[in-house]
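Enquirer: Attaching a single structure in structure tokens format; questions to follow.
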Amino acid sequence: MTPSQMLATAILLGGFVAAAGACGLLYCAARISGHKLLRAGGYVSYAALCLIAFALVAFTPLHVGWKVLIAASCAVYLMIPPVTWRYLTRLHREEKIQWYPTSSAR
Amino acid sequence: MYRSQRLGLKYLTASTVMFGAMIAFGVLSSIYYIRPGFLLNVFNFSTAKIIHIDGLVIWLLMGFLGAIYWFLPQELEREVEGIALAEILFWVFCAAVAVVVVVFLFVQYGSATEASMWFINQGRKYVEAPRWAALGIAAVMGVFAFNVIGTAVKARKSTGILTVLILDLVPLVVLYFDAFPEMRNMSQDLFWWWWLVHLWVEATWEVLIGCIMAWTLIHLVGASRRVVESWLYVEVALVLGTGILGLGHHYFWIGTPRYWFAIGGFFSALEPLPLLGMVVHAVYDAGSHHLRAANRPAFYWTLAEAFGNFIGGGVWGFMMTLPQINMYSHGTQWTASHGHFAFWGAYGCGVIAVLYLALEKSRGYEGIDGRAWKWSFALLNIGMLGMVGALLVAGMDQAFYERAIGGSTWNAFLAMQGRPWFIEGMWTRFASGLLFACGYGILVYDLLAARPREATVSDSMAAAGS
């Protein structure tokens, strides 16, 4: 790995997690507000995440194992926001049913 | 108010004072980088840095103790067991910290003897306090563990959060004993020393702050205990699952076997995953409360904690954690950038949120708002962003020229000190540090002068709606 490749790879790795964060943030913000622009922002962030992952896999001298990990992380980052959201929603719903059984039965 | 809560307030006050001391010595340390002859033969850079970093550990530790002494009696609806001993040890702790700082300021270092280790400096990075003071800290932690466990046993009651906290106290106290052994082999010494530093910061402290934030959410926005506890279990499992073996990402240049690089890289690469989950949780909670809470500063500092932890720990950490990068970035200003951001996000913001929450309850206010907290929030966070940005640029420059091109030689190190990007980075860090210090000043002013929040029309409408 040359010095320039080291810096480029590090910046891409940082961008990779930042894009995952933006994706999660915009996904949740879109779910709360129902705003189409936020949802589109979420898709764009995920597209950026995939592009960065592709660049890391195709153009950087990272070892194969790390490239596999990055590709797998790319898929996992897509799942975390909706899975967490569903989990939180379910927890809150069960909480309401436990405390207000009659009103929820209606 | 319980006696334990009064003790909690004392700890939080002491924590705020130590926060100020840490900032003062941080700004002082940053001057040496731009004026290398600063205080030459009067006050060493290394001593200023020791007080800065040890001050960080102590202000956070005091903040955690304060938060737990504040929440614990509310949780168990009774006074804390052994509170008289805890009150005495608080003053012992403060006196010990003051004596150690005075020794660091005026004695600074001694000869390589047992006496120096006992009375001046233990010589182990981040836990430099002389041995007598280190034993005192161990005693404080032991009594703290007794307070928590003893109260739960006496109350014959435990909650999910408290159980997690009690389980966490065991490694928290035991790992501190790792500060004491004397090893002649440097590799072995550093190998075990990282167990203390890493496993405190990226395992036991993470769980501790998780418990504190869980209580904060319950008391701040009335979050459901069941929801908070369920989420805490998931978070703790993920944080410990990825954090413990992430230890290997420190094992560079100290003579540890190569397999640690892969282990450390792999597990620390997974560390951003639970942090992303925390961001989702924060947005969910913020959204369900429409970004409104009676105690606005505590609410916004809680949000800052989730985002700061993700960006400082997750983004900044992942940038440099894989072995091919880490071997160059390790120990540069790049690491300092990550350290500043991660500590601020994961712990600093959380402790400030608790400060505001305790302030509101102790003064009997129905919420807190105003202008000062917004200024301190903005200045502290902008100052921190300025510092970590400057350190990142300087650190990348250092990894590039000094490490990768220069081969980490003494000449490369000296040449690095004169490089424009490094110098500009150090100036920007100093200026941002001053901004951060201004934010701290306003924070202290706001904590002293905070006023209750006035009910607004939107509040009345919200109340009518609910």
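The values are calculated or read from the model by the stated rules, or taken from the named source; none is laboratory data. Note that the structure is a prediction, hence the values are computed from the model and not measured. When we count neighbours, we look across all protein chains shown, and the Cβ atoms used for this are built from the backbone with ideal geometry, even at glycine.
Enquirer: Where in region B:151-258 are there helices (runs of 4 or more DSSP H), lying fully within it, with 2 or more residues that are farther than 20 Å from B:ALA346 by Cα? Talk me through it step by step, then tell me what you get.
Expert: Values: elements: B:160-176, B:186-199, B:205-221, B:225-243.
Helices (runs of 4 or more DSSP H) meeting the threshold: B:160-176, B:186-199, B:225-243.
Enquirer: Working only within region B:157-183, note down all residues that are at pLDDT below 90, within 15 Å of B:LEU72 (Cβ to Cβ) and charged (D, E, K, R).
Expert: Selection gives B:LYS157 alone.
Enquirer: Follow-up. Mind listing whichever residues of region B:94-131 are over 16 Å from B:ILE51 (Cβ atoms) and surrounded by 14 or more Cβ atoms within 10 Å (Cβ to Cβ)? Steps first, answer last, please.
Expert: Filtering region B:94-131 for residues over 16 Å from B:ILE51 (Cβ atoms) gives B:95, B:110-119, B:131.
Once the filter is applied, which keeps residues that are over 16 Å from B:ILE51 (Cβ atoms) and surrounded by 14 or more Cβ atoms within 10 Å (Cβ to Cβ), region B:94-131 yields B:GLY110, B:SER116, B:MET117, B:TRP118, B:PHE119, B:ARG131.
Enquirer: Name the residue that is farthest from the other protein chains (Cβ to nearest Cβ), counting only residues in region B:291-307 that are surrounded by fewer than 24 Cβ atoms within 10 Å (Cβ to Cβ) and in contact (Cβ under 8 Å) with a residue 60 or more places away in the chain.
Expert: B:ALA294
Enquirer: Looking at B:TYR233 and the list (1) within 14 Å of chain A (Cβ to nearest Cβ); (2) hydroxyl-bearing (Ser, Thr, Tyr); (3) over 22 Å from the mean Cα position of the chain (by Cα), which single condition is not satisfied?
Expert: (3)
Enquirer: Also, quick follow-up: Quick one: count up the residues across region A:34-58 that are among the small types (Gly, Ala, Ser), out of contact with any helix residue (DSSP H, G or I) (no Cβ under 8 Å at 6 or more places or on another chain) and at negative phi. Give the steps one after another, and end with the answer.
Expert: Going through region A:34-58, the residues among the small types (Gly, Ala, Ser) turn out to be A:34, A:40-42, A:45, A:47-48, A:53, A:55, A:58.
With out of contact with any helix residue (DSSP H, G or I) (no Cβ under 8 Å at 6 or more places or on another chain) added as a condition, the list becomes A:34, A:40, A:47, A:58.
In the following step, the residues that additionally are at negative phi were identified as A:40, A:47, A:58.
So the count comes out to 3.
Enquirer: While we're here: Can you report the number of residues in region B:251-285 which are within 9 Å of chain A (Cβ to nearest Cβ) and more than 19 Å from B:VAL234 (Cβ to Cβ)?
Expert: 4
Enquirer: Let me ask something else about it. Among the residues of region B:368-404, which ones are surrounded by fewer than 20 Cβ atoms within 10 Å (Cβ to Cβ) and within 17 Å of B:GLY425 (Cα to Cα)?
Expert: Residues satisfying the conditions are B:ILE382, B:LEU385, B:GLY386, B:GLY389, B:VAL393, B:TYR401.
Enquirer: Consider B:SER337 against the criteria (1) surrounded by fewer than 24 Cβ atoms within 10 Å (Cβ to Cβ); (2) more than 9 Å from chain A (Cβ to nearest Cβ): it satisfies all of them except one. Which criterion is unmet?
Expert: (1)
Enquirer: Taking region A:40-74 only, how many residues are more than 10 Å from chain B (Cβ to nearest Cβ), of a type in the set (Phe, Trp, Tyr) and crowded, with 18+ Cβ neighbours inside 10 Å?
Expert: Counting residues in region A:40-74 that are more than 10 Å from chain B (Cβ to nearest Cβ), of a type in the set (Phe, Trp, Tyr) and crowded, with 18+ Cβ neighbours inside 10 Å gives 1.
Enquirer: Can I ask one more? Is there any pair linking a residue in region B:43-58 that is surrounded by fewer than 20 Cβ atoms within 10 Å (Cβ to Cβ) to one that is part of a helix (DSSP H, G or I) and not hydrophobic (A, V, I, L, M, F, W, C), with Cβ under 6 Å and at least six apart or on different chains, and which?
Expert: B:PHE45/B:TYR32; B:LYS49/B:SER29; B:HIS52/B:GLY26; B:HIS52/B:SER29
Enquirer: Another question, then. Check A:MET6 against each of (1) surrounded by 20 or more Cβ atoms within 10 Å (Cβ to Cβ); (2) without any contact (Cβ under 8 Å) to a residue 12 or more places away in the chain; (3) more than 7 Å from chain B (Cβ to nearest Cβ) and name the one condition it does not meet.
Expert: All conditions pass for A:MET6, except number (3).
Enquirer: If A:TYR27 meets every condition in (1) away from chain B (no Cβ under 11 Å); (2) in contact with a helix residue (DSSP H, G or I) (Cβ under 6 Å, 6 or more places away or on another chain) apart from one, which number is that one?
Expert: (1)
Enquirer: Farther than 30 Å from B:VAL227 by Cα, among the β-branched types (Val, Ile, Thr) and in contact with a Leu (Cβ under 8 Å, 6 or more places away or on another chain): which single residue out of A:ILE52, A:ILE80 fits that description?
Expert: Answer to the selection: A:ILE52.
Enquirer: Right, next: Considering region B:314-334 alone, what residues qualify as being in a helix (DSSP H, G or I) and either away from chain A (no Cβ under 11 Å) or at pLDDT below 90 (or both)? Even if it seems obvious, please write down each step before you answer.
Expert: Applying the first criterion (in a helix (DSSP H, G or I)) to region B:314-334 yields B:314-321, B:323-329, B:333-334.
Once the filter is applied, which keeps residues that are in a helix (DSSP H, G or I) and either away from chain A (no Cβ under 11 Å) or at pLDDT below 90 (or both), region B:314-334 yields only B:GLN333.
Enquirer: Another question, if that's okay. Sort out which residues of region B:401-433 are touching a residue at least 24 places away in the same chain (Cβ under 8 Å) and in contact with a Pro (Cβ under 7 Å, 6 or more places away or on another chain), and write them in order of number.
Expert: Across region B:401-433, the qualifying residue is only B:ALA404.
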